[in-house]
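Heads up: the structure comes next, in structure tokens.
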Amino acid sequence: GIAVGTRPDCLEDDKIALLAEMNREKPVIVEAGLQTANDDTLRKINRQHTFADFESAVKRLQGAGLAVTTHLIVGLPGEGMDDFVRTAREVKRLGVKAAKLHPLHIVRGTRMAEEFSRGEIQLLSFEEYCAAIAEMIRIFDFEVAVERFSGESPGELLLAPDWCGERDRIIAEVERILRENNERAPE
């Protein structure tokens, strides 16, 4: 099959029609980057699209018979658990088939790197990130496949967080939180 990664505001109807035509010969998955369902955050990080743009793209892609995966950044500036929960609920509501999640990376040479160095951006701790991922997985339930919840940038570019490349540690902590909360769930 083919996986095509793009922004939701770059999916005009003619492009969707072409992808749908290709989908008749081999499976096509469209990876539409959302990052967050919070329009204020999308504006602040200069994404140049809104949640409504994402929703429109997803509906048109699904209407053309295409599977949709989305990319989400957990821990964007100013966001907290309420934002992560809302984003997960919206992704699930839209019937997105899969999600790829990762923490916010502060990379050298970017505006966020400058803001981070001035103390204007606070990153999630390892524990906060894992708790957010566990909550999003619970919300997705079995309706949205989680293809990943870790990601890393090249070491020479990454300023923070220093734990984002520790996949095994992240997986173990998320699994621990999910098991612990499952054990305490009412029957």
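The values are calculated or read from the model by the stated rules, or taken from the named source; none is laboratory data. None of the values given here were measured: they were computed from a predicted structure. Reconstructed Cβ throughout: ideal geometry from the backbone, glycine too, with neighbour counts over all protein chains shown. Note: areas computed on protein heavy atoms with side chains; ligands, DNA, RNA excluded. Shrake-Rupley method; radii C 1.70, N 1.55, O 1.52, S 1.80 Å.
In sequence order, region 50-58 has phi-based couplings of 10, 4, 4, 4, 4, 4, 4, 4, 4 Hz under the Karplus curve 6.51 cos²θ - 1.76 cosθ + 1.60, θ = phi - 60°, and Gly or Pro positions carry x. Result for the chain in a Gaussian network model with C-alpha springs under 10 Å: among E114, E173, E79, the largest mean-square fluctuation is at E114. With all protein chains in place and a 1.4 Å probe, the accessible surface of region 1-49 carries 47 percent carbon and sulfur.
Please give the direction-averaged projected area of the C-alpha convex hull for region 24-125, in square nanometres with one decimal. List each step's numbers first, then the result.
Working: hull surface 29.6 nm².
With every direction weighted equally, the projected area is 7.4 nm².
Summarising the overall dimensions of region 66-157 from its C-alpha atoms, the Rg and Dmax are 14.0, 43 angstrom. The angle separating the long axis of helix 126-140 from the principal Cα axis of greatest extent in the chain is about 30 degrees.
Taking region 15-35 and a reference point 7 angstrom along Cα→Cβ of M81, no backbone N atom is nearer than 11 Å.
Both radii come from the Cα set of region 1-67: Rg as radius of gyration, Rh as Kirkwood radius; their ratio Rg/Rh reads 1.01.
Given the peptides 20-32, 116-128, arrange them by the average over their residues of other C-beta atoms within 10 Å, most packed first. Spell out each step's value before the answer.
On the way: 20-32: 15.6, 116-128: 13.8.
Packing proxy ranking, top to bottom: 20-32, 116-128.
With respect to the chain, whose longest principal axis is taken over its alpha-carbon atoms, helix 167-183 is tilted by about 90°.
Taking the longest Cα principal axis of the chain as reference, the axis of helix 13-23 is set at about 90 degrees. Normalised per residue, the accessible area of the chain is 54 Å², obtained with a 1.4 Å probe and no contribution from ligands, DNA or RNA. Cα extents for the chain along the principal axes, largest to smallest and rounded to whole angstrom: 49, 45, 28.
Could you compute how fast region 39-88 diffuses translationally, taking Rh as the Kirkwood radius over C-alpha pairs and applying Stokes-Einstein at 25 °C with viscosity 0.890 mPa s? Give it in µm² per second. Spell out each step's value before the answer.
Working: Rh = 12.2 Å.
Reported coefficient: 202 µm²/s.
Surface composition of region 82-168: carbon plus sulfur atoms hold 48% of the accessible area, using a 1.4 angstrom probe and ignoring ligands, DNA and RNA.
What's the FRET efficiency of D14 with A172 using the Cβ-Cβ distance as r and R₀ = 41 Å, to the nearest 0.05?
Working: r = 46 Å, r/R0 = 1.12.
The pair D14/A172 has a calculated efficiency of 0.35.
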